[in-house]
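Note sheet for the following structure.
The values are calculated or read from the model by the stated rules, or taken from the named source; none is laboratory data. Owing to the predicted nature of the structure, the values given are computational and were not obtained by experimental measurement. FYI the Cβ positions are ideal-geometry reconstructions off the backbone, even for glycines, and counts take in every protein chain you see.
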Amino acid sequence: MTKRAFYTLFTLGWLGAMPLWAQQVPELVAEQGYADLVLVNGKIVSMDDRSTKPDTPGQTYQSMAIKGKRIMALGSNQEMRRLAGPATRFLDVGGRTVIPGLIQTHHHTFLFADLRYGPEMGLLDPSIRLTVATEATAEATAKKVREAITNAIRVQNIPDGKWIRVNLQESEKAPPGHSRSWLYLGKLNKRQLEGVTEKHPVMVSNMIQGIMNDVAIAEFKKYFPDWEESTDIENRPGASTDGYVAVPEIFGLSWNIFWKDEPLETFAEMLRLHGVRELVPEGVTTIATRLLYPDTIAAYHLLNRENRMPHRVAYYVESQRGEYWGLKAIREFYKGTGAPWSTHSSGNEMLWLNGMCNEIWDSNYNEKCLGPDFPDASEEVRMRERCPSPGTKPWESIKTAIVHGWRPVQVHGTSSHGARLYIQMLEQAMEEGNYSVEYMKGLRTTLEHNIVLGKKPDVMAGIKKFGIILNVNPGMLGEVPDDIKNYGEGIRDFIMPVKTWIEQGIRVTFEAAGSDFWTPIHILVTREVRQTRGIATPGGKPLPMVTLVPEEAIDRITALKMATTWASEYMMAEDTIGTLEPGKFADFAILDRDFFTIPVAEIPEIEVVLTGLGGQIIYDQIN
């Protein structure tokens with residue numbers, strides 16, 4: 001036989017065998033190549049049912065194949081093994097439950113980086129720190145603060161120009177939440193610090209609100225000349241005269257002043273460490289966060305450029321608060337930026353600008369906005385309600401942003417009348433921007449916390465009209481017993497009626513307690529929560545548990561949807577994350593017990609033993 005005849009016969013024989021070879025190689029392998037990783041022997045719950053029907057998690061599988069960063073297929077062990085090749089890695093789940101990676105819809109990364117990882121990276125607070133417990137009245141508390149500052153300057157011989165920060169701790173001598181009311185209403189103010197020191201910048205705060213003296217204000221205005229206008233339009237007229245400060249200044253003292261000359265690499269590492277140590281080990285693969293300070297935005301982008309992101313981040317710029325802008329700067333910023341926000345699939349896979357934010361609308365703590373829904377509330381209670389109006393920073397920031405094409409997200413909407421006012425603002429923005437209702441619904445704006453938003457027909461109609469997502473904070477139910485004291489028993493009908501909202505077709509998600517998803521789920525399922533407003537009982541015992549409106553409890557699977565399936569909709573990523581489906585990113589968490597069958601009382605005890613992000617195992621306590 002000639003060599004040519006031999007090759008002809010070989011070729012014909014190979015071609016003749018092709019149909020058999022093609023039958024032996026699964027179509028997916030022919031298209032994509034062999035799987036890189038296969039999970040076997042698991043209870044893999046897809047959570048791909050988007051309906052509001054109770055107890056509907058979607059499909060459950062035994063095995064999942066991953067190719068590159070995405071899910072290749074799901075099925076039985078035998079089916080997925082057929083997708084494996086010589087280099088495929090196998091992960092034996094050992095019968096454990098696998099769920100989609102958890103999504104934290106409202107997280108303050110700048111806060112954790114400041115408090116926990118700044119010191120670790122050598123970014124120390126150079127101020128002198130004092131602690132003062134409140135007295136029965138604002139005046140007596142101010143006197144105590146003055147004395148503490150004066151004594152510290154004398155005893156510690158504090159040099160001129162050195163910052164002094166006073167941590168104000170509440171005591172049992174006054175009602176719960178009293179320091180917040182005193183500060184917001186100006187009962188504690190900078191005039192009470194006059195004469196204490198003219199050579200030291202002073203900030204007194206309870207970590208949420210506070211006051212600065214004139215020396216501190218002068219330091220802030222070196223960098224932020226619009227501080228007075230910014231403070232007044234965000235909070236209330238005269239707030240700057242009182243020296244009032246809130247979260248932007250309290251944490252901005254670190255980011256904007258103390259650390260202003262620090263390298264960006266340090267900030268990036270702070271944010272990375274927070275993700276690696278606190279979020280990823282809890283199964284968190286995606287977070288949504290507002291970012292006040294430009295350095296935090298720049299730090300995340302540095303991590304992303306260097307492929308060092310610890311998890312996915314959808315962020316919302318809140319520059320008008322972190323930069324202390326007046327109305328002119330706010331309007332020019334949102335008009336001139338061209339609305340560069342995106343969905344996940346159209347943005348970057350690890351980091352995408354998902355909109356803008358002005359966190360403060362109505363608020364929480366002592367500053368609800370129930371207005372006409374509780375006309376008989378006492379004058380004292382009504383005085384401390386925070387209700388925005390045209391011309392205020394929250395109103396103008398969000399309206400201007402919408403008019404110029406931005407998506408507003410993470411707006412604090414804790415109360416019924418506050419939500420009503422937000423809907424009125426959306427109506428104005430729609431008219432000024434000449435937008436359709438469908439366009440406005442497509443923005444998927446959100447209201448956060450929603451502790452006593454209730455179910456007033458006009459408010460519910462507005463939420464449905466604009467497709468507003470309600471992102472609840474279950475832990476904040478712990479402050480409601482104090483609201484009942486302030487507003488009376490009638491407020492019970494307003495207490496976070498999650499079940500009613502879902503049944504009415506409103507999309508509801510929830511924010512975790514930091515990285516803890518299981519306690520909030522337990523609260524949603526049982527409506528049992530520990531009181532959080534008040535002073536610990538004698539002997540150090542925690543405040544009591546309370547059960548609030550148990551008829552609004554939901555099933556555990558619906559609660560999990562709020563942190564996976566539906567949470568992905570919050571950040572416009574439902575086509576990429578949130579469920580375990582072929583083609584989506586392989587983000588998953590493996591649990592130490594079966595969330596779907598354990599007694600409800602055990603839900604808070606669940607631990608994550610392995611986290612996968614984009615097909616890579618980034619946390620592993622199994623192997």
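Worth a mention:
- Conditions (1) assigned to a loop (DSSP other than H, G, I, E, B); (2) touching a helix residue (DSSP H, G or I) at 6+ places or on another chain (Cβ under 9 Å); (3) over 17 Å from LEU193 (Cβ atoms); number of the one not met by SER181: (1)
- A residue that is on the phi > 0 side of the Ramachandran plot and either hydroxyl-bearing (Ser, Thr, Tyr) or in contact with an Asp or Glu (Cβ under 6 Å, 6 or more places away or on another chain) (or both) cannot be found anywhere in segment 287-310.
- Scanning segment 57-104 for residues that are among the polar types (S, T, N, Q), under 30 Å from ILE287 (Cβ atoms) and surrounded by fewer than 17 Cβ atoms within 10 Å (Cβ to Cβ) returns GLN59, THR60.
- Some residue of segment 131-151 being loosely packed, with under 15 Cβ neighbours inside 10 Å, of a type outside the set (A, V, I, L, M, F, W, C) and within 34 Å of the chain's Cα centre (by Cα): yes
- Residue in segment 142-159 that is touching a residue at least 12 places away in the same chain (Cβ under 8 Å), of a type in the set (Asp, Glu) and outside any strand (DSSP E or B) present: no
- Matching option when the condition is outside the structural domain of CYS387 (by TED's automatic domain parsing) and within 29 Å of the chain's Cα centre (by Cα), among LEU193, LEU185: LEU185
- Search result, residues across segment 277-329 that are assigned to a loop (DSSP other than H, G, I, E, B), among the small types (Gly, Ala, Ser) and within 19 Å of the chain's Cα centre (by Cα): GLY283
So that you can scan it fast, the table gives a plain yes or no per residue for (1) among the small types (Gly, Ala, Ser); (2) closer than 15 Å to GLU120 by Cβ; (3) in contact with a Leu (Cβ under 9 Å, 6 or more places away or on another chain); (4) surrounded by fewer than 21 Cβ atoms within 10 Å (Cβ to Cβ):
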site	(1), (2), (3), (4)
PRO248	no, no, yes, no
PHE258	no, no, yes, yes
ARG272	no, yes, yes, no
VAL276	no, yes, no, yes
VAL284	no, no, yes, no
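- When the helices (runs of 4 or more DSSP H) confined to segment 378-484 are screened for residues that are buried (at least 19 other Cβ atoms within 10 Å of the Cβ), modelled with pLDDT of 95 or more and outside the structural domain of THR564 (by TED's automatic domain parsing), none reaches at least 2 such residues.
- Once segment 104-139 is narrowed to residues that are outside any loop (DSSP other than H, G, I, E, B), β-branched (Val, Ile, Thr) and in contact with a Ser or Thr (Cβ under 9 Å, 6 or more places away or on another chain), the residue that is farthest from VAL313 (Cα to Cα) is VAL132.
- Filter result for LEU168 (crowded, with 22+ Cβ neighbours inside 10 Å, in contact with a Leu (Cβ under 9 Å, 6 or more places away or on another chain) and not assigned by TED's automatic domain parsing to the domain that holds MET270): yes
- Residue identified as of a type outside the set (Phe, Trp, Tyr), at pLDDT below 95 and over 24 Å from the mean Cα position of the chain (by Cα) among PRO582, PRO544: PRO544
- Counting only residues that are within 15 Å of the chain's Cα centre (by Cα) and of a type in the set (D, E, K, R), segment 83-122 holds 0 of them.
- Failed item, numbered, when LYS43 is tested on (1) at pLDDT below 95; (2) touching a Ser or Thr at 6+ places or on another chain (Cβ under 6 Å); (3) of a type in the set (Lys, Arg): (1)
- Options HIS274, HIS311: the member that is touching a residue at least 60 places away in the same chain (Cβ under 8 Å) and touching a strand residue (DSSP E or B) at 6+ places or on another chain (Cβ under 7 Å): HIS311
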